[in-house]
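The values are calculated or read from the model by the stated rules, or taken from the named source; none is laboratory data. Small disclaimer: the values here were computed from a predicted structure and weren't measured. Glycine also receives a Cβ, built like all others from the backbone with ideal geometry; neighbour counts cover every protein chain displayed.
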Amino acid sequence: MTDMTPQSRKTYAERRASLASRFPKGEAPGGIGIDDILQLQMQNTYNTHLDIARDMARVMRADMAAYDADPEHFTQSLGCWSGFHAQQMIRSVKRLRGTTKGAYVYLSGWMVAGLRNRWGHLPDQSMHEKTAVADLIEEIYVSLRQADEVELNDLFRALDKARESGDANAERAAVTAIDSFESHVVPIIADIDAGFGNEHATYLLAKELIKAGACCLQIENQVSDAKQCGHQDGKVTVPREDFIEKLRACRMAFEELGVTEGVIVARTDSLGAGLTQKLPVSQQNGDHAAEYLKWIETESINGQPDEGEIAMWRDGGWAKPARLPNGLVRFKPDTGRARVIEDCVASLNDGGADLIWIETDTPNVAEIAGMVDEIRQKAPQAKLVYNNSPSFNWTLNLRRQVREDWIGEGRIAETDYPDGTQLMKADFDDTDLGREADARLKRFQYDISTKAGVFHNLITLPTFHLTAKSVDELSRGYFGEDRMLAYVATVQREEIRRGISAVKHQHEVGSDLGDTFKEMVGGDRALKAGGHANTMNQFAAE
């Protein structure tokens, strides 16, 4: 077991007793105090990020079992493109809930491409460096572990203060707080795109992501060299046998590294994908290839195929696949939904996937629930990860859904509210329709989890949009008429009033942690940053 939870972690008393037995004089060689060693041991919540992957896989498995027992126990995450974003998100969750349980971090390939590669801002088309994904996982867990160190250091300082004052009750309370400390380390769902190559390339990259700490890999059924964002046009899917091989590659990476409970999310983009790159070879009726080929759009051939022409025997005659000038093959129109059902069943039953992800073009609970019902007829264990995507115009979509429902119920006439983008206007914010749409937004994740089998709700790109909005908000005021008031009113004052720890930015990045270590090794000789002249003292808790 690792040091992640109070249940699996040695207690303060157990550690102290162990150290005292090794160093009966109370000091290690060099005059190092055993209490200092004990503090450093407990602040180091994980030795390696592979330990994190193993522990977080167990956390996810336990959460999945809890969801199976009660679908109200769904989980959530926000997409983060830096370690600091992830750290502040989990700090906020812990401050709000008193626990990190049910909160994950989503690592978006889109944001790695758009914000974290060396070649500038790129679209989500697998053009960024493979290593950037593993590097970001590593960075996120370094940041989350540092949040552990900073917070535990504060708890040990409280313990030292209680001892100095001779307050036995405060000392016991401090030790209890240390023993019950909950790590900021949470599961990461890591986007491996379409595997960045063939099945062997997928396996090699999967190992790097797992070694960086990923307990969960999300892989999509698009062609690696023609990969598109799930909300763009031009998506090209691979035959199911090809995708199953990549799912196996991910599983073998987990097994090789001893992450035996690693989680795989199989994503299908078939709902919006109208193309495939190759025609699989069918070995028998009803196999994966045959099921895939039946959806290919064809054109009838009179007589025999021409020399060099690709042809398929269909309905008692020859037909040629409908191909684009670049050689890609079209699927029959309006077959995406049926292909999604087959994709998910194959990924779960034959590919060993644990969760499925259906990329949709609008947020519609009834649509997802209908597909899940069909999937569960052949794969009863089906659970989903769902993208609450910023690519959706949530306000417009939900208002349209309310309008259609109310017209169908006879509650309103078609002329009571406009159709189309006019519904976005602020004029409708404080109307019955606007309020109902907002109420549905508020309960959307609850509804889709309890009615449509969604175990995990995530927003892929929230910190991309939040950063853009927040910087714009500050810049408009600061470079406009408000100047310093813009910063104080929109940033600092809100940090203070909400209790956001980052308002003390020196402390947040480990200044007090560094002072503690200097004292451990230097005693009175330590040159500390946290003295009376430190301006962070202006933010001391009242």
Check your understanding: Can you name the residue in region 426-471 that is among the polar types (S, T, N, Q) and under 24 Å from residue 101 (Cβ atoms) and is also farthest from the chain's Cα centre (by Cα) among such residues?
Key -> 450
**Study point:** Residue in region 456-465 that is over 30 Å from residue 267 (Cα atoms), in contact with a helix residue (DSSP H, G or I) (Cβ under 6 Å, 6 or more places away or on another chain) and assigned to a helix (DSSP H, G or I) present
**Key:** no
**Study point:** Evaluation of residue 174 against (1) surrounded by fewer than 20 Cβ atoms within 10 Å (Cβ to Cβ); (2) not assigned by TED's automatic domain parsing to the domain that holds residue 204 (one fails), failing number
**Key:** (1)
Check your understanding: If you go through region 272-290 one residue at a time, do you hit one that is touching a strand residue (DSSP E or B) at 6+ places or on another chain (Cβ under 9 Å) and more than 14 Å from residue 236 (Cα to Cα)?
Key -> no
Check your understanding: Looking at region 10-30, which of the residues that are part of a loop (DSSP other than H, G, I, E, B), of a type outside the set (Gly, Ala, Ser) and surrounded by 10 or more Cβ atoms within 10 Å (Cβ to Cβ) is farthest from the chain's Cα centre (by Cα)?
Key -> 23
Exercise for review: Pick out the one residue from 427, 416 that is modelled with pLDDT of 95 or more, surrounded by fewer than 19 Cβ atoms within 10 Å (Cβ to Cβ) and part of a helix (DSSP H, G or I).
Suggested key: 427
**Study point:** So residue 160, is it part of a helix (DSSP H, G or I) and either closer than 30 Å to residue 11 by Cα or not assigned by TED's automatic domain parsing to the domain that holds residue 52 (or both)
**Key:** yes
Check your understanding: How many residues, within region 249-265, are outside any loop (DSSP other than H, G, I, E, B) and surrounded by fewer than 18 Cβ atoms within 10 Å (Cβ to Cβ)?
Key -> 3
Review point. Are there any pairs with C-beta distances below 9 angstrom linking a residue in region 326-340 that is farther than 11 Å from residue 273 by Cβ to a residue that is of a type in the set (Ser, Thr, Tyr) and outside any helix (DSSP H, G or I), with the two at least 6 apart or on different chains, and if so which?
Key: 329/276; 332/298; 337/270; 338/270
Exercise for review: Can you confirm whether region 483-493 contains a residue that is under 27 Å from residue 106 (Cα atoms), in contact (Cβ under 8 Å) with a residue 24 or more places away in the chain and of a type in the set (A, V, I, L, M, F, W, C)?
Suggested key: no
Review point. Among the listed residues 323, 314, 399, which satisfies the condition of being among the basic types (Lys, Arg), in the same structural domain as residue 219 (by TED's automatic domain parsing) and over 24 Å from the mean Cα position of the chain (by Cα)?
Key: 399
Review point. In this structure, does residue 38 turn out to be buried (at least 16 other Cβ atoms within 10 Å of the Cβ), modelled with pLDDT of 95 or more and farther than 23 Å from residue 501 by Cβ?
Key: yes
**Study point:** Every residue from region 466-491 that is surrounded by 12 or more Cβ atoms within 10 Å (Cβ to Cβ) and either within 21 Å of residue 112 (Cβ to Cβ) or not hydrophobic (A, V, I, L, M, F, W, C) (or both)
**Key:** 466, 467, 470, 473, 476, 477, 478, 482, 487, 490
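Taking the condition of a type in the set (S, T, N, Q), loosely packed, with under 12 Cβ neighbours inside 10 Å and in the same structural domain as residue 200 (by TED's automatic domain parsing), does residue 349 pass?
So residue 349 does not fit the description; no.
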Check your understanding: Out of region 424-445, which residues are touching a strand residue (DSSP E or B) at 6+ places or on another chain (Cβ under 9 Å) and farther than 23 Å from residue 266 by Cβ?
Key -> 444
Review point. Looking only at region 51-69, which residues are closer than 13 Å to residue 383 by Cβ and without any contact (Cβ under 8 Å) to a residue 12 or more places away in the chain?
Key: 65, 66, 69
**Study point:** Residue under evaluation residue 147, criteria (1) over 18 Å from the mean Cα position of the chain (by Cα); (2) in the same structural domain as residue 389 (by TED's automatic domain parsing); (3) under 23 Å from residue 464 (Cβ atoms), criterion not met
**Key:** (2)
Point to revise | Of all residues making up region 65-83, the number that are under 15 Å from the mean Cα position of the chain (by Cα) and in a helix (DSSP H, G or I) | key: 1
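Go through region 326-346 and count every residue that is loosely packed, with under 14 Cβ neighbours inside 10 Å and at pLDDT 90 or above. Spell out the reasoning first.
Within region 326-346, the subset loosely packed, with under 14 Cβ neighbours inside 10 Å is 326-327, 333-334.
If we keep only those that are at pLDDT 90 or above as well, we get 333-334.
Qualifying residue count, region 326-346: 2.
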Point to revise | Top-ranked residue of region 231-248 - restricted to ones that are in contact with a Gly (Cβ under 7 Å, 6 or more places away or on another chain) and either part of a loop (DSSP other than H, G, I, E, B) or without any contact (Cβ under 8 Å) to a residue 60 or more places away in the chain (or both), ranked as nearest to residue 345 (Cα to Cα) | key: 246
Check your understanding: Any chance region 103-126 includes a residue that's at pLDDT 90 or above, surrounded by fewer than 18 Cβ atoms within 10 Å (Cβ to Cβ), assigned to a loop (DSSP other than H, G, I, E, B) and among the hydroxyl-bearing types (Ser, Thr, Tyr)?
Key -> no
Exercise for review: Sort through 75, 45 and tell me the only one that's touching a Gly at 6+ places or on another chain (Cβ under 7 Å) and of a type in the set (Ser, Thr, Tyr).
Suggested key: 75
Practice item. Could you tell me which residue of region 177-229 is surrounded by the fewest Cβ atoms within 10 Å (Cβ to Cβ), considering only residues that are over 16 Å from residue 126 (Cα atoms) and β-branched (Val, Ile, Thr)? Key: 178
Review point. What about residue 302, is it within 16 Å of residue 223 (Cβ to Cβ) and not assigned by TED's automatic domain parsing to the domain that holds residue 460?
Key: no
